[in-house]
Every structure is written in C-alpha cells, then in structure tokens.
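Structure first, then comments.
The values are calculated or read from the model by the stated rules, or taken from the named source; none is laboratory data. Every value quoted in this text rests on a predicted model; they were computed, and no experiment measured them. For neighbour counting, all protein chains shown are included, and Cβ atoms are generated from backbone atoms with ideal geometry for every residue, glycine included. The accessibility values were calculated without ligands, DNA or RNA, using every heavy atom of the protein model including side chains. Shrake-Rupley method; radii C 1.70, N 1.55, O 1.52, S 1.80 Å.
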Amino acid sequence: MNSLYFAQYLVNEDVLDPQEAKDILKVCEETVPGLAVVALAEGAIPASTLAGLAPFEKEAFPKLAMAEGVLFASQLEKLQGVHPSEGLRLAQALLDSEKMDFVELGRQMAACGAQEGSPIKEAVRRLASDNEEIAVEIETYAEFTELFMRSFMRFMDTPAIINYCGPDNEGMFASHIVSQRLSGQLSFVSGIYASDKMFVEMAKRYSREEIDDADEMAEDSISEFLNVVNGLFVVDLGKRDLDLDLEAPRIGQNKHPQGSKQLQLCIDTGFGSFTLVMAADEFALTEKLPS
C-alpha cells in the first residue's frame, strides 16, 4: 500500500478526527519515511515481524534487518528506490507520534489497499449526499476533486485531505478567489478560495518563486495552476466525446462566491487550509460583510 490518499481513507473511516488529521498533516511536511515503513507498504515484511524487532531507530533498520535475516541486501536496495509518497510520509508520522504501532499501521494499510473506489470521491459523495440540488452533478464534482487533489499534492508538495467539518470563511476579510469555467457540452466552474496568506503560500509552492504578497504574480501563479488542472479535466472529459472550452480564469479580491449548484469543500494541507469551490455556472462574486 503506497496510496496517495491514505490520509483521506483514515479520515473517512474515523481513524483520525479532523483536528488530529490537521496536526499530522503538518508533521508530514518534514517527515522522511524509513525503510521499515517502505518495506511494510510494499509487502516485503509483515507487520508482526516489524513489531517483534521494535523499538528501533528508523536509520538503524537496514542493518538490523540484515542482521536478523528478515531482508536481503538486494531487497533493501530495491526498497531504497521506492518514491516516498504522501502515504508513506503519513505512515512514518503516525509511527513517530505513537498514534499507531506497526501492527495497527499494517492493518490500516491493508484495509486501505483492499478498499474499492477512491477515498476522495467517497468524501465528496458524503458531503454532497444531503444536497438534492446537486444530485446530478455529484459524480462530475467527485471526479474533478480527485484530479484536483492529486495535482495539488504533486505540484504543491504537500499532503492534503477533504475536511468533513466544511469551510469556515467567516472573518476571512483579506482573501482571493480564482475561478475558471468550462463551457460547451458541459458547464462547470471550479475555484480556489483562500485567505491572502494561504494564497501566497500556494503561489510560492507552485511557481517555485519568492512571492511575498497576494499581488499579480501570485494571482498569475494560482491561475496557471487552476488552468493546468482544468486542462487535464478537459482531456479526461474529451475521452467521453465531450467537446469543451476553457474560458479565461477570473480573479476576485475580498469576494464571496455564489454559484448555481455550488459545493464548497474545505481542503486541509500541511501548511494551512483553503476552500475548493465547484458550481454548474460562473460564480457571482459578492462583497463579504463583516460578521
């Protein structure tokens, strides 16, 4: 199990509550998975064997595994070549924080790997299940959200989850929203709505440039990211013979989105939270009144 969506699975299954998830995501940012976690995720060694060897420093595991005869040098070399995904970083963070031991971690990894379907799509469906207005749009929203989350974690180099508590935008007076509409055989709008501080941090991570203010450079960076994600979505929809066009991104400052058949999702990351907004047509951007 080397899932990008391991964190979302744990939230969906109530293994981690929203605050625990936010705390562990912050830790994951700087966590480097050890070879013991990689070996467990790759099925190279059982959780019970690792539990029998514990406790040990993660850096000492390769020599320990060789000395105990549980792994060969060739196996360790192969494990060293495994990409340290967000799922592996999370697994190591759960061990380091003692929220799980190897046995529980192995059980949760196995359950996540055996689950059919996407934890991201499942989260969207649950959050939208009581909203009859968007019953027809749910699957489109779920598909886009999975693509968005995968792209976000890749380009921003951070773990991320959908928080079931929902967005809390009250009091967020210094904010930005970037939206983009897909038009043609399907009308769909997506937007990134964030405080200026979060907006700048996302822009810095995506552009790999030093950006200090929510200025035109930051706006261009987030607009480009959203355009890339929507471009990938257009390609996916094109495989179903849907002919769509991408309209130019639109930017609002200190505005609140209101769209037809709108769904707002709170996205927690390793460096903060923002709102992913989806609707069937372009948002009306209204002034936010102080609460």
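Evaluate segment 115-125: report whether one residue or more is without any contact (Cβ under 8 Å) to a residue 12 or more places away in the chain and out of contact with any Asp or Glu (no Cβ under 9 Å at 6 or more places or on another chain).
yes
For segment 13-58, what are the residues that are of a type outside the set (A, V, I, L, M) and either touching a strand residue (DSSP E or B) at 6+ places or on another chain (Cβ under 6 Å) or more than 22 Å from residue 111 (Cα to Cα) (or both)?
Listed by number, the residues that qualify are 18, 19, 22, 23, 26, 29, 30, 31, 55, 56, 57, 58.
Out of all the residues in segment 69-114, which are assigned to a helix (DSSP H, G or I) and of a type in the set (Phe, Trp, Tyr)?
Across segment 69-114, the qualifying residue is only 102.
Can you spot a residue in segment 194-203 that is in contact with a strand residue (DSSP E or B) (Cβ under 9 Å, 6 or more places away or on another chain), open to solvent by less than 50 Å² (accessible area, probe 1.4 Å) and either of a type outside the set (A, V, I, L, M, F, W, C) or closer than 11 Å to residue 246 by Cα (or both)?
Yes; the residues of segment 194-203 include at least one that is in contact with a strand residue (DSSP E or B) (Cβ under 9 Å, 6 or more places away or on another chain), open to solvent by less than 50 Å² (accessible area, probe 1.4 Å) and either of a type outside the set (A, V, I, L, M, F, W, C) or closer than 11 Å to residue 246 by Cα (or both).
Going through 235, 228 one at a time, which residue ends up being over 25 Å from residue 18 (Cβ atoms), touching a helix residue (DSSP H, G or I) at 6+ places or on another chain (Cβ under 8 Å), loosely packed, with under 14 Cβ neighbours inside 10 Å and aliphatic (A, V, I, L, M)?
228
From the set of residues in segment 137-170 that are open to solvent by 60 Å² or more (accessible area, probe 1.4 Å) and in contact (Cβ under 8 Å) with a residue 40 or more places away in the chain, which is nearest to residue 256 (Cα to Cα)?
170
Quick test for you: out of 273, 179, 183, 195, pick the one residue that is of a type in the set (Ser, Thr, Tyr) and closer than 15 Å to residue 153 by Cα.
Just one listed residue meets the conditions, 273.
Considering only segment 205-225, I want to know if a residue exists there that is of a type in the set (Ser, Thr, Tyr) and either without any contact (Cβ under 8 Å) to a residue 40 or more places away in the chain or in contact with a Cys (Cβ under 9 Å, 6 or more places away or on another chain) (or both).
Yes; the residues of segment 205-225 include at least one that is of a type in the set (Ser, Thr, Tyr) and either without any contact (Cβ under 8 Å) to a residue 40 or more places away in the chain or in contact with a Cys (Cβ under 9 Å, 6 or more places away or on another chain) (or both).
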